[in-house]
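**Q** Next up is a structure, given as structure tokens.
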Ligand SMILES: *Cc1c(COP(=O)(O)O)cnc(C)c1O
């Protein structure tokens, strides 16, 4: 499969959205390779990208192992909800966990990171729209949670992540992104010791340009790059 047209289109759209954004930010494209054969990683590299997003630990490990000898060229992001008992498999392999959403998970990440003398970069996942189907903290819970996380020396909180509601209402999606963007700014201004809220991970295929206009500097894109996922296939 040749994905170069799709990559070009997404890269151009990101560029245009950056130009519209008042934040003037650099944007990291996380190529969401879930539900695709490990060879998809090569397509990412061939198109000038390096950042892989997976939402399941097993599937991530399959791809990681397939490209073991080139991991220095790749960056791996765990974007899906993470069970505490799986942290040990990924702690030395992923570059950023997007889905820190509870203290029990923070505790486990801290413990496993400590054992390998690492400070694990994590984003706090926020359920801005308060949908039952979504994980993540509510906006008003984030600061108290963050303060607890700061007590874990082997976790490095580096920002916030959210998923927009599944709706055609673009104004509502924008409002949700803006709320998280504002929260990040508020937390940054508080000036917690040693805290750099540098990342705002929001925006997927349906809404990544809106997200960038509202300040996202990480977008997680799957279908726009690789087409529809075939859930009858499993790669783990
Ligand atoms: C699958 C997934 C994406 C990518 O979604 P697309 O609609 O294919 O762009 C982004 N973020 C998370 C957390 C995902 O699980």
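**Q** Could you state the principal axis extents of the C-alpha atoms in the range 18-156, from the largest down, to the nearest angstrom?
**A** 43, 43, 28
**Q** Please build a GNM for the chain, connecting alpha carbons under 10 Å apart, and tell me which residue among 123, 200, 74 fluctuates the most.
**A** With Cα springs under 10 Å in the chain, the top fluctuation among 123, 200, 74 is at 74.
**Q** Moving to a separate point now. For labels at residue 150 and residue 185 in the simple 7 Å Cα→Cβ model, what's the distance in nm?
**A** 2.1 nm
**Q** Summing -39500 (n - 2.57) over the DSSP H runs of n ≥ 4 in the chain and dividing by its residue number, what mean residue ellipticity at 222 nm do you reach, to the nearest 500 deg cm²/dmol?
**A** Numbers: 9 runs with 90 residues, N = 236.
Result for the chain: -11000 deg cm²/dmol, rounded to the nearest 500.
**Q** Further, regarding this structure: First measure r as the distance between the Cβ atoms of residue 24 and residue 130, then evaluate 1/(1 + (r/R0)^6) with R0 = 45 Å and state the FRET efficiency to the nearest 0.05.
**A** 0.90
**Q** What does the extension gain come out to for residue 231 and residue 196, with contour length at 0.36 nm per residue minus their alpha carbon separation?
**A** On the way: separation 35, 0.36 × 35 = 12.60 nm, distance 3.74 nm.
Using 0.36 nm per residue and subtracting the Cα-Cα distance, I get 8.9 nm.
**Q** Please report, to one decimal in angstroms, the Kirkwood hydrodynamic radius of the range 19-98 built from all distinct Cα-Cα pairs.
**A** 13.3 Å
**Q** Further question on the same structure: Bin by bin, in steps of 10 Å, what percent of the Cα pairs in the range 99-227 do you find, going until the bin that has the longest distance?
**A** All Cα pairs considered, the percentages come to 13, 43, 32, 12, 1.
**Q** Report the semi-axes of the equivalent ellipsoid for the range 67-146 in whole Å, largest first, where each axis is √(5λ) for an eigenvalue λ of the Cα gyration tensor.
**A** Value: 25, 15, 10 Å, ordered largest first.
**Q** Same structure again: Once each part is reduced to its C-alpha centroid, what is the distance from the range 186-234 to the range 5-45 in angstrom?
**A** Their Cα centres are 11 Å away from one another.
**Q** Please list the radius of gyration and Dmax for the chain, considering alpha-carbon atoms only, with Å as the unit.
**A** Rg, Dmax (Cα atoms, Å): 17.1, 48.
Each value in this text was obtained by applying a stated rule to the coordinates, not by laboratory testing. Values in this document were obtained by computation on a predicted structure and should not be read as measured data. Neighbour counts are summed over all protein chains in view; Cβ atoms, including those assigned to glycine, are modelled from backbone coordinates with ideal geometry.
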